[in-house]
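Q: This structure is in structure tokens; I'll ask about it shortly.
The values are calculated or read from the model by the stated rules, or taken from the named source; none is laboratory data. Source: prediction; values computed, not measured. Cβ atoms come from the backbone with ideal geometry, glycine included; neighbour counts cover every protein chain shown.
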Amino acid sequence: MAQFWTLIGFISMTAGALFFGYKASSANSERWRILLMLNFFIATIASVLYLVILTGQGEGIYNDHNSHWVRYVTWFLSTPLLLLVLSHLGRTRLSTIGGLLGANALMLATGFLADVYPKPHNITWYFISCGAYVGVACILLSSYRAEAERNHPGKVGKDAFQRLLTVHLVLWTIYPIVWILADTGIDAISDGVEAMLYTILDVTSKVGFGLLSISTMKKLEKFPAWAEKDEVVSSMPTPTTHPDFGNPGLEQVSGRGTL
Amino acid sequence: MAQFWTLIGFISMTAGALFFGYKASSANSERWRILLMLNFFIATIASVLYLVILTGQGEGIYNDHNSHWVRYVTWFLSTPLLLLVLSHLGRTRLSTIGGLLGANALMLATGFLADVYPKPHNITWYFISCGAYVGVACILLSSYRAEAERNHPGKVGKDAFQRLLTVHLVLWTIYPIVWILADTGIDAISDGVEAMLYTILDVTSKVGFGLLSISTMKKLEKFPAWAEKDEVVSSMPTPTTHPDFGNPGLEQVSGRGTL
Amino acid sequence: MAQFWTLIGFISMTAGALFFGYKASSANSERWRILLMLNFFIATIASVLYLVILTGQGEGIYNDHNSHWVRYVTWFLSTPLLLLVLSHLGRTRLSTIGGLLGANALMLATGFLADVYPKPHNITWYFISCGAYVGVACILLSSYRAEAERNHPGKVGKDAFQRLLTVHLVLWTIYPIVWILADTGIDAISDGVEAMLYTILDVTSKVGFGLLSISTMKKLEKFPAWAEKDEVVSSMPTPTTHPDFGNPGLEQVSGRGTL
């Protein structure tokens, strides 16, 4: 059964990667290309993960417990890209992006320690990892949301980021619950159910969330954004008094030649 | 014989590192310093690699096959820098740089899996890795070339990037051919010949390519570039209608204080 | 005794992390948030390190020598952040930051090789690692200092960076001395003394240096900086003739929407 769900995961992720890759290659603005390329690499990394698991590699016995350590390797690579998707949509400023990526890396590193550590210390690491996740969630609900709504004022922006954050946080919160129910924790569910739940979560939070990010971008594009265009900015009354609000998006960093 | 070629590789890379390091320390513009520093670190990383191999470390037996895994570690570090050299010369935009670095990382990660995987799955990874390389090549020949030529219009720019891309792609294409001929693949060449071919390829594609990047930069500098200077940009008729062409180079990201 | 000092290290780093984290969450400018967040993650990474050592993990026997390899993992993550603290304070330009981070990574990678290599080659790597450290120190004392003083002219800037660099270089120079005195080198001090010295060094160079960076930022804020504000820059007589002086700090890269 675990094998079946891994195959489903591989097929879904590959299909998602092909879809996002095709869209990225035909995107007609830098902002869309970045969004689609991030989603392409998220799905591709997950696709490689499922192929590794499918061919029976990427696991090992540590302290009497069989760990799929390869999951952590790919999560370590794909979750920063997911947070960059959120940051790109919200035009998040650098310190908030840094805080999100740092807390996320801490969450995964300590989650990995919880997986491979001997008992009873593994539970210590589990709670530290959950603490780091609470940090990610707090930054998303405070700084991230405030900046995203400021950069996309009005009901459309508010609703778009409300939905994005709700979906994101619900999905990410289920991961540590599966973790503690599986043999990594209290061993209440079988390996097959664990594989099924992780696959459904992965496909939803990667391919599904990618589709949601595309529909969010489309909605946001129809309305003017606070910091979206240089002409908008130049009409702001006192720009220099808000020296650190707003980030016009990743593409602007490299698009300076066109000012 | 393998030992001899490794020694040749070590000496060449060290000489290259010293040359690029000396040039970098005496460079008089940020654009030159970045180019030379990238080349310095590319040669230095390779120099460390050859010293590790020379002292008999960095290899191990995985699935009945002796893998020089340390090669992948150093390729993982030096190839992104090589792509940054290309991006720096071409003033490539962020989404294209991201696509290149992502496809390159995928190529090396799956190439490493092809090296250490048990048969027959190693061949699957080899073809996936080749697919990622085709992705790198496609981005270079489409987006990268289009942006580089747009940023450096005229025959000089066109010829410079034509030569740069030809040399780069010919060299990088030989790597997977050596890989498949060596004991990683069909075992048609001896370890000594493999070491010789990798050393010649490495020195040419690192030190040689570095020298080519310097001569290309010199040529490009003599001609005005589309997005090179702020005064050029300010005279563009409709800058805001091309919101994502051109990147004035890495140095500009941090050079904002001088606007 | 080693255990006792590790516990001291864990408590100090956790206290430091809580302090910097609290300050970061209440910072009211992007420049301060970045500084405090960098210090928060530096202390947090070290805190995780000490908890790993405290629970008896993160070490292994390589070539008849017990290596705390986990130290290198955390140094690899925290030292770049320390250099970013320095760069953020000094508004260092990109090529200098790249040189610092590259030489630092080389220093740690070869230092790790010196730790796990069989004799006699470990001494070769030790000297290569020291050479990379000399590279870091040279960049700090030449390009870094010149740019920091140019961006913060006057006696206050000069004194601030003089003190910062002196403290930084003295602390970092003691590390390789402890390394060579401990069982990684000539084995002149016991494991307990080694743990004590590393703990004192770590707490001083992370929490202590973080406090120094805060007081330096406060001092620098009171005086106008060359490249600090856009209005200052616009009054510069010939800005385009200094195309690569000055970096208004990391926050500016993402703060473009407010121009």
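Q: Spot the failing condition for C:ASP159; the list is (1) without any contact (Cβ under 8 Å) to a residue 24 or more places away in the chain; (2) in a helix (DSSP H, G or I); (3) within 24 Å of B:VAL52 (Cα to Cα), and only one is missed.
A: Checking C:ASP159 against (1) without any contact (Cβ under 8 Å) to a residue 24 or more places away in the chain; (2) in a helix (DSSP H, G or I); (3) within 24 Å of B:VAL52 (Cα to Cα), the one that fails is (3).
Q: Output the residue which, of all residues in the stretch C:124-145 that are over 15 Å from the mean Cα position of the chain (by Cα) and among the hydroxyl-bearing types (Ser, Thr, Tyr), is surrounded by the fewest Cβ atoms within 10 Å (Cβ to Cβ).
A: C:SER142
Q: Just to be sure before I move on: is C:ILE45 crowded, with 20+ Cβ neighbours inside 10 Å and either more than 12 Å from every other protein chain (Cβ to nearest Cβ) or in a helix (DSSP H, G or I) (or both) in the structure I sent?
A: When the stated conditions are applied, C:ILE45 passes them.
Q: Would you check if there is a residue in the stretch C:168-175 being out of contact with any helix residue (DSSP H, G or I) (no Cβ under 6 Å at 6 or more places or on another chain), part of a helix (DSSP H, G or I) and surrounded by 21 or more Cβ atoms within 10 Å (Cβ to Cβ)?
A: Within the stretch C:168-175 (the criterion being out of contact with any helix residue (DSSP H, G or I) (no Cβ under 6 Å at 6 or more places or on another chain), part of a helix (DSSP H, G or I) and surrounded by 21 or more Cβ atoms within 10 Å (Cβ to Cβ)), the answer is yes, since at least one residue qualifies.
Q: Being of a type in the set (Phe, Trp, Tyr) and buried (at least 22 other Cβ atoms within 10 Å of the Cβ) is the requirement here; does B:PHE20 meet it?
A: yes
Q: Given (1) more than 14 Å from chain B (Cβ to nearest Cβ); (2) surrounded by 20 or more Cβ atoms within 10 Å (Cβ to Cβ); (3) closer than 30 Å to B:SER29 by Cβ, identify the lone condition not met by C:TYR198.
A: (3)
Q: Next up: Applying the selection to the stretch C:1-28, what residues are free of Cβ contacts under 8 Å to residues at least 40 places away in the same chain and of a type in the set (Ser, Thr, Tyr)?
A: Correct list: C:THR14, C:TYR22, C:SER25, C:SER26.
Q: Moving to a separate point now. Among (1) buried (at least 19 other Cβ atoms within 10 Å of the Cβ); (2) more than 30 Å from A:ARG91 (Cα to Cα), where does A:MET13 come up short?
A: (2)
Q: Anything in the stretch A:163-190 that is under 16 Å from the mean Cα position of the chain (by Cα) and not hydroxyl-bearing (Ser, Thr, Tyr)? List them, or say none.
A: Going residue by residue through the stretch A:163-190, those that are under 16 Å from the mean Cα position of the chain (by Cα) are A:163-176.
Scanning the stretch A:163-190 gives A:ARG163, A:LEU164, A:LEU165, A:VAL167, A:HIS168, A:LEU169, A:VAL170, A:LEU171, A:TRP172, A:ILE174, A:PRO176.
Q: Go through (1) over 12 Å from the mean Cα position of the chain (by Cα); (2) within 14 Å of chain B (Cβ to nearest Cβ); (3) more than 18 Å from B:TRP125 (Cα to Cα) one by one and return the number of the condition A:LEU51 breaks.
A: Checking A:LEU51 against (1) over 12 Å from the mean Cα position of the chain (by Cα); (2) within 14 Å of chain B (Cβ to nearest Cβ); (3) more than 18 Å from B:TRP125 (Cα to Cα), the one that fails is (3).
Q: On to the next question. Could you count how many residues in the stretch C:146-167 are touching a Phe, Trp or Tyr at 6+ places or on another chain (Cβ under 6 Å) and either modelled with pLDDT of 95 or more or surrounded by 19 or more Cβ atoms within 10 Å (Cβ to Cβ) (or both)?
A: The qualifying residues number 2.
Q: Further question on the same structure: Taking only the stretch B:106-123 into account, find how many residues are surrounded by 18 or more Cβ atoms within 10 Å (Cβ to Cβ) and in contact with a Phe, Trp or Tyr (Cβ under 9 Å, 6 or more places away or on another chain).
A: Here the count works out to 12.
Q: Mind listing whichever residues of the stretch A:14-42 are of a type in the set (Lys, Arg) and more than 10 Å from every other protein chain (Cβ to nearest Cβ)? Don't jump to the end; show me each part of the working.
A: To start, the set of residues in the stretch A:14-42 that are of a type in the set (Lys, Arg) comprises A:23, A:31, A:33.
Correct list: A:LYS23 only.
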